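Chemist: Below is one structure. I have some questions about it.
The values are calculated or read from the model by the stated rules, or taken from the named source; none is laboratory data. As the structure is a computational prediction, the values presented were derived from the model and not from experiment. Cβ placement follows ideal geometry from the backbone for every residue including glycine, while neighbour counts extend to all protein chains displayed.
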Amino acid sequence: MKPAIIKRLHKNFEDYVHVQEGVEFWFARDLQILLGYTQWRNLLNVIDKAKESCKNSDHEISDHFADVSKMVVIGSGTERSIEDIKLTRYACYLIAQNGDPRKEEIAFAQSYFAVQTRKQEIIEDHIRLAERLKARKHLKDSEKELSRNIYERGVDESGFARIRSKGDVALFGGYSTHVMKARMEVPDSRPLADFLPTVTITAKNLATEITNFNVTKEDMKGEDPITIEHVQNNQDVRDLLLKRGIRPEALPPEEDLMKLERRVRSQEKKIAGRAGKITTSSSDKCRDSKTGK
């Protein structure tokens, strides 16, 4: 996600935060706008899933989701009451987690509500981490699909390892997986991909996805033709990177994704406790000609 987009979205989310008795909260009607939902009922479906996630995590739904009503102007000075929901940071986080991550607003929200600070630079770091974790998951899925795909075409597990290794040689300019591990000081027992930057993980995934596509399309059989296909795809992806001034073998390693994943899980467990609890009162009936804030 580009810094300019992050800056714009950060300002939007900051504009709608409220604080009551030291607890931050957002109104669901505002969140509908922030997350890019055109229909209220569509957001309500996501909120229902978020409430279920809250319940499954052994947290009281009422602590984080509080029904309220608002008076809003609908035209010519006429007012009417609409239903709304006050949401803690934890509730907003669960809503974002249950939304469509392909939408940039939701991808941003997942990080915005996950961190215990509203500082933009911390949110940017979390977004970069989330993108790297997502890229790694995509690579795992595509490699699993390739393994299953070629097993059905007469290639065993050791053959799959050879195919993947030769693909790495093509992607890293002649350096084998073993040599790249040594260059990056990756433990022998760990996958190289867990220490690669996002751009390289994405490159490996693209080459693997193309191999999967062509192996099925051309109905390839046996290790040799599939190896040729996978090597060519990795070479093509490497050529593309080189045109953009990127040499995969020269990029420095990044922090172990396994450690980062544990850190994220630990961080997420703390969100509910630090978010505080929603309180409601008669003052929740408020008016606004545009947003109901």
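Chemist: Would you be able to say whether some residue in the range 194-213 is under 17 Å from E254 (Cα atoms) and either at pLDDT below 95 or of a type in the set (F, W, Y) (or both)?
Modeler: yes
Chemist: A further question follows. Restricting the range 1-53 to residues that are part of a helix (DSSP H, G or I) and of a type in the set (V, I, T), which is surrounded by the most Cβ atoms within 10 Å (Cβ to Cβ)?
Modeler: V46
Chemist: Could I ask something else about it? What tally of residues in the range 59-76 results from selecting those that are of a type in the set (A, V, I, L, M, F, W, C), within 21 Å of G276 (Cα to Cα) and in contact with a Ser or Thr (Cβ under 9 Å, 6 or more places away or on another chain)?
Modeler: The total comes to 3.
Chemist: Right, here's the next one. So which of E124, E83 is touching a Ser or Thr at 6+ places or on another chain (Cβ under 7 Å) and over 15 Å from K270 (Cβ atoms)?
Modeler: Result of the check over E124, E83: E83.
Chemist: Which numbered condition in (1) in a helix (DSSP H, G or I); (2) crowded, with 16+ Cβ neighbours inside 10 Å; (3) modelled with pLDDT under 95 is the only one that S142 fails?
Modeler: (3)
Chemist: In the list T227, T216, T198, which residue meets the criterion of being under 27 Å from the mean Cα position of the chain (by Cα) and either surrounded by fewer than 18 Cβ atoms within 10 Å (Cβ to Cβ) or closer than 17 Å to N149 by Cα (or both)?
Modeler: Of the residues listed, the single one that is under 27 Å from the mean Cα position of the chain (by Cα) and either surrounded by fewer than 18 Cβ atoms within 10 Å (Cβ to Cβ) or closer than 17 Å to N149 by Cα (or both) is T198.
Chemist: Considering only residues that are modelled with pLDDT of 90 or more and of a type in the set (V, I, T), which ones fall in the range 86-118?
Modeler: The answer is T88, I95, I106.
Chemist: So, in the range 178-195, of the ones that are touching a residue at least 40 places away in the same chain (Cβ under 8 Å) and surrounded by fewer than 18 Cβ atoms within 10 Å (Cβ to Cβ), which residue ends up nearest to A130 (Cα to Cα)?
Modeler: By that ranking, first place goes to R190.
Chemist: Moving on. Please list, ordered by first then second residue, the pairs with beta carbon atoms under 9 Å, 6 or more apart or interchain, first in the range 252-275 and farther than 22 Å from C92 by Cα and touching a residue at least 24 places away in the same chain (Cβ under 8 Å), second polar (S, T, N, Q) and surrounded by 12 or more Cβ atoms within 10 Å (Cβ to Cβ).
Modeler: E254/T198
Yes/no matrix, rows are residues, columns are (1) touching a helix residue (DSSP H, G or I) at 6+ places or on another chain (Cβ under 9 Å); (2) farther than 16 Å from R118 by Cα:
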site: A4; (1), (2): no, yes
site: G22; (1), (2): no, no
site: I33; (1), (2): yes, yes
site: A50; (1), (2): yes, yes
site: S62; (1), (2): no, yes
site: M71; (1), (2): no, yes
site: I82; (1), (2): yes, yes
